[in-house]
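The values are calculated or read from the model by the stated rules, or taken from the named source; none is laboratory data. This structure is a prediction, so every number in the text was calculated from the model and none was measured. Backbone-built Cβ (ideal geometry, glycine too); neighbour counts: all protein chains shown. Calculation scope for accessible area: heavy atoms of the full protein, side chains included, ligands and nucleic acids excluded. Shrake-Rupley method; radii C 1.70, N 1.55, O 1.52, S 1.80 Å.
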Amino acid sequence: MATLATIFDRFFTVRAAEQAAPRTWEDEEPNRLRCFPNEDVYFFVKKIDNTQVVRESDPAARSTCWRVIGSCVAAAVLLIAVFLPSLYGLIAGYQLEALGQERQHLEIERSALQLEESRLMSPQRLEELARQQQFIDPAPAKVVYLDGKPEGILAKSIGGR
Amino acid sequence: MEIQGTRRVNLLARLGFVWAVLIAARLLQLQIVQHAKYQALARDQQEKTVEIRAPRGAILDRMGQRLALSLPVVSVCVNPLRLPDPALEANILARILDLDPAELLSRFQTASAAGRGFLWVKRRIEPEQARRLADLNFEWVELRTESVRFYPNKQLAAHVLGGVDFEENGNAGVELALNDELEGHPGERRVTVDPRKQSFHSTTDSEAIPGETIKLTIDSRIQFAAERELEKAVHQHGAKTGSVVVLDPRTGDVLAIANYPTYDPNEPPTKEQGLTPRDNLALSTPYEPGSVFKVITLTAALETTRLRPETIVPCGSTVTIAGRVIHDHGHYGSLPMEDVLARSSNTGAINIGLRVGDANMFEYMKRFGFGRPTGLTLPGESSGLVRPLRRWSKVSIGSVAMGHEVGVTTLQLAQACSVIASGGLLIRPRLVAGAATEPPVRVIQPETAITMRRMMEGVIIKPYGTGFHYAHIPGYTAAGKTGTAQTVDPKTGKYKSEYNASFMGFSPVTNPAVVVVVSLHGTHGEAGFGGPVSAPVFREVAAVALRILNVPKDLPDDAPETTSPVKADENDLSIAVLSPVPQPLAGASLAELSTATRAELSINDVPDQRSFSQPPEQLAGPTVPNFRGKSVRDVIEQSAALGIPVEYVGSGVARNQIPPAGALLPIGERVRVQFGH
């Protein structure tokens, strides 16, 4: 793979290896077992006893660790604090636009209903309905005037002005 | 190893630097050099400009009933040059919009072949269709919102409301007169959208200013009644056109303006229909009013002469003016002035006019508002026709006294009638509720107005009154005046046998709440006079208006029927040949609706007929005694003994009297005695 490391190795590492003295495997690898005859398979043995290992107390590392954790949390909180309003703003923007469209739609609907109401209340239609119901204009004697008492029960019941 | 590491770092740093420089250069190019280009591209992609709707203001009647309002509707358009697959798109659109796919495809192809980049697919589609199309979110379809004016009551008050053109600009009536107030100014806002074309942010560039809502003084119920009765009368009497105006004389509020023929403002004008139905006859077309104008003549007489309602006025079949002998349809001998009005005697009116004189008559015509527009908030109002005094001929006073040589509109007549009804105040008619108008002007004395009310009531309650059988409103007192005049043939400029039948009146008499003026054009024969034709319209419209306005009745419910064995004199046709037809009225545009009268009788001299223009001594009665220094009781006793009518003013001792002692009191006149302490 033509990574930067291999490119560097090509120029420097190979040259250093050529200049090194020959070494035997016993010197360098005491835990290596004897190899099988006529086999190029090698086994190594290494005994590791961790029972006596005690982690050395390192207050500096711990504090560094906590500092890193704290910094990360603070950074996260800061990021959230910075971006959360924008996020809320975005969500609110969607909601506002949706509400605006709904209001526009409702206004149009209200206008349509007002038009329909006006059509239903038109004198032509009311007269037609009255004719169908065989209503007649009240005779003069049948008309009761409220003599300026619009707050009376009778006035309210008949829609007095 | 140390050297190797340093070299690596150096190389890496150099590469990093080069990379950073390249990035910076690219950023410089994108962000600064090509800033405008990419900003525009981004805006095109992320932002769109949306119009903020500013609907045209609604028009309401005085009760808040909507007479006109605007509604947004969606129209569909496409760019035929950018349709990916015209056949498929035509199929989709046709299915949603209930169109013929083949025809729509043909339109696409035709438009595309012609290089047209815009094509309306369907205008004013249903809301459900608009929703379906919007949900599909096709890029090749554009939905445009348009505003459409609706008149929910159709032809009701059409001439008052007028109409709008395709751009929703007023082109007649209130829509034109108050276009600036009604017109809305739409705003604009920029909307930021996401890749799904959903908006999440918007900025208002300019605020929308919706049109004002205009509240009229019109009452749609009274308006409807006026239109209904007018149409009925036009059909019943074979008239061609007609108009009705209903006013509140106390405020000048116009409660109704009806015209026939009329039209539906929701429908655009057609060539077949022409513009005639859209003419607001009530205020744009003057005509010679005929006998209804006698009200003005008699009012002027009460104010400028000693004539009183009881004054006997010669009303023979002829009258001499400037050497010409004029004949009338009726021969009444002599009549009290109040009966001149009740019977609509032409010779009587001419005699009274001669007594009033040219200058006074002209002055009172102006005082009643004739010869100038009423100032109503409607376009195209005519000022009528009142000739300058210098252009009056010697016989003009006779013509004017009967309502000729003068052109008036129905609205002007209503305004003039309101002067009598309001007790002598000229109140400008008002169409917009709450609008400031000129303050009322007193043009006649209250006593004169009250006297005229009583005399006009006589037209309706006297068995021989021209409006006796037709204008009585059950439960209410009413006063009015009929009028009939001949119309002018536009081809010959001469009078023909068609009539203009009018009636102007008010009710109740003591505290008038409503003034109604009716004018029908093109009636024929005796059945086409103002009494039988227009007075019933007055009766029906006034009855409805009084009931709607909650006006208390001023007659008992069990009042006897106003029937009489005496035959009412319905002929109120005025004489028109005293002078030529006024040119503006004889012109082609106005002549069809202008009216005048014509003398059909041959000229026959009646030797014993006295002319009112003769010396006053021929009309004189007893000598006026000296009432000065006497008490009221003494004056009453003395005047009763001598048979002299006296008008008492004030209390105490008589200080002044008109006419002075020793003068001859004309027949029918009274002595005005002023008392004081």
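Scanning the stretch B:469-495 for residues that are open to solvent by 40 Å² or more (accessible area, probe 1.4 Å) and either free of Cβ contacts under 8 Å to residues at least 12 places away in the same chain or within 14 Å of chain A (Cβ to nearest Cβ) (or both) gives B:HIS472, B:PRO474, B:LYS491, B:THR492.
In this structure, B:ARG430 does satisfy being touching an Asp or Glu at 6+ places or on another chain (Cβ under 8 Å), within 29 Å of B:ASP219 (Cβ to Cβ) and crowded, with 22+ Cβ neighbours inside 10 Å. Considering the conditions (1) open to solvent by 30 Å² or more (accessible area, probe 1.4 Å); (2) modelled with pLDDT of 95 or more, B:VAL516 is excluded by exactly one of them, (1).
Checked against the criterion of being within 14 Å of chain A (Cβ to nearest Cβ), of a type outside the set (Lys, Arg) and without any contact (Cβ under 8 Å) to a residue 24 or more places away in the chain, the stretch B:59-76 contains not a single residue that satisfies it. Of all positions in the stretch B:65-80, at least one carries a residue that is more than 27 Å from the chain's Cα centre (by Cα), of a type outside the set (Ser, Thr, Tyr) and in a helix (DSSP H, G or I). Checked against the criterion of being free of Cβ contacts under 8 Å to residues at least 60 places away in the same chain and either within 11 Å of another protein chain (Cβ to nearest Cβ) or under 30 Å from B:ASN266 (Cα atoms) (or both), the candidates B:LEU93, B:LEU88, B:LEU81 yield just one match: B:LEU93.
Of all residues in the stretch B:211-236, those that are of a type in the set (Phe, Trp, Tyr) have Cβ atoms under 8 Å from Cβ atoms of residues that are in a helix (DSSP H, G or I) and surrounded by fewer than 22 Cβ atoms within 10 Å (Cβ to Cβ), 6 or more apart or on another chain, in B:PHE224/A:PRO123; B:PHE224/A:GLN124; B:PHE224/A:GLU127. The test for being of a type in the set (Ser, Thr, Tyr) and within 30 Å of B:ASP219 (Cβ to Cβ) holds for A:SER122. The number of residues in the stretch B:167-189 being open to solvent by less than 20 Å² (accessible area, probe 1.4 Å), among the charged types (D, E, K, R) and assigned to a strand (DSSP E or B) comes to 0.
If the condition is being more than 8 Å from every other protein chain (Cβ to nearest Cβ) and either open to solvent by less than 70 Å² (accessible area, probe 1.4 Å) or not in a helix (DSSP H, G or I) (or both), then the stretch A:94-106 contributes only A:ALA98. Of all residues in the stretch B:317-334, exactly one satisfies the criterion of being closer than 26 Å to B:TYR470 by Cα and in contact with a helix residue (DSSP H, G or I) (Cβ under 6 Å, 6 or more places away or on another chain), namely B:ASP328. Taking residues in the stretch B:30-49 that are charged (D, E, K, R), and partners anywhere that are surrounded by 10 or more Cβ atoms within 10 Å (Cβ to Cβ), the pairs with Cβ atoms closer than 6 Å and at least 6 places apart or on different chains are B:GLU47/B:ARG190; B:GLU47/B:THR192; B:LYS48/B:VAL191. Would the stretch B:144-165 turn up any residue that is among the hydrophobic types (A, V, I, L, M, F, W, C), farther than 22 Å from B:GLY380 by Cα and either more than 14 Å from every other protein chain (Cβ to nearest Cβ) or in a strand (DSSP E or B) (or both)? The answer is yes; a qualifying residue exists. Close contacts from the stretch A:118-135, counting a first residue that is within 7 Å of chain B (Cβ to nearest Cβ) and a second that is part of a helix (DSSP H, G or I), with Cβ to Cβ under 6 Å and a gap of 6+ residues or different chains, come to A:PRO123/B:SER220; A:PRO123/B:ARG221; A:PRO123/B:PHE224. Hey, does the stretch B:400-408 have a residue that's open to solvent by less than 10 Å² (accessible area, probe 1.4 Å), in contact with a Leu (Cβ under 7 Å, 6 or more places away or on another chain) and part of a strand (DSSP E or B)? Yes - at least one qualifying residue is present in the stretch B:400-408. Here B:GLY274 meets the list (1) at pLDDT 90 or above; (2) open to solvent by less than 60 Å² (accessible area, probe 1.4 Å) almost entirely, failing just condition (1).
If a residue must be of a type in the set (Gly, Ala, Ser), modelled with pLDDT of 75 or more and either closer than 28 Å to B:SER334 by Cα or surrounded by 18 or more Cβ atoms within 10 Å (Cβ to Cβ) (or both), how many such residues does the stretch B:650-677 contain? Total meeting the criteria: 3.
Restricting B:THR448, B:THR466, B:THR437 to residues that are in a helix (DSSP H, G or I) and more than 14 Å from chain A (Cβ to nearest Cβ) narrows the list to B:THR448. Selection of the stretch B:386-399 for residues being closer than 14 Å to B:ASN351 by Cα and either open to solvent by less than 10 Å² (accessible area, probe 1.4 Å) or polar (S, T, N, Q) (or both) yields B:SER396, B:ILE397, B:GLY398, B:SER399. Filtered by the rule that a residue be more than 14 Å from chain A (Cβ to nearest Cβ) and open to solvent by 10 Å² or more (accessible area, probe 1.4 Å), the stretch B:530-549 gives B:PRO532, B:PRO536. Total residues in the stretch B:628-649 satisfying the condition of being modelled with pLDDT under 75 and either among the small types (Gly, Ala, Ser) or assigned to a strand (DSSP E or B) (or both): the figure is 6.
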